[in-house]
1. Listed residues GLU55, GLU71, GLU24; which is at pLDDT 95 or above, more than 17 Å from LEU91 (Cα to Cα) and surrounded by 13 or more Cβ atoms within 10 Å (Cβ to Cβ)?
2. Which one of the conditions (1) surrounded by fewer than 15 Cβ atoms within 10 Å (Cβ to Cβ); (2) farther than 24 Å from GLU71 by Cα does ARG46 fail to meet, given that it meets all the rest?
3. Give me the pairs: first residue in the range 1-29 and under 16 Å from HIS58 (Cα atoms) and without any contact (Cβ under 8 Å) to a residue 40 or more places away in the chain, second residue charged (D, E, K, R) and part of a helix (DSSP H, G or I), beta-carbon distance under 7 Å, and six or more apart or on different chains, which are they?
Amino acid sequence: MATKLGAIQELNAFKIESIRANLETAIGYAKLALQSDDERETLQHRQKACEDYEEALHSLKTVTLTHIEFESIRTKLAHLESILMQLGETL
């Protein structure tokens, strides 16, 4: 039983790291979109940021977070959402 619990905890930890990575990547793309002078590049970066944002939101439904993990992810989400709204996204 301990082995199964350990595997579940490892999977949860992996998913949390994936969510963090998606949010960091999305923030990077969103910042690139803000800084770009090329409309096509802005749109591409904005779309990629939105895709990573949506993936992170979807994945959040499948994990169990500690309070510290929740706060860390919530902060990243708020930062990303702020940038996306500057880009004209409605969330």
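The values are calculated or read from the model by the stated rules, or taken from the named source; none is laboratory data. Note that the structure is predicted; figures quoted are calculated from it, not measured. For neighbour counting, all protein chains shown are included, and Cβ atoms are generated from backbone atoms with ideal geometry for every residue, glycine included.
1. One residue alone meets the criteria, GLU24.
2. (1)
3. Hits for this filter: ASN22/ASP52; ASN22/GLU55; THR25/ASP52.
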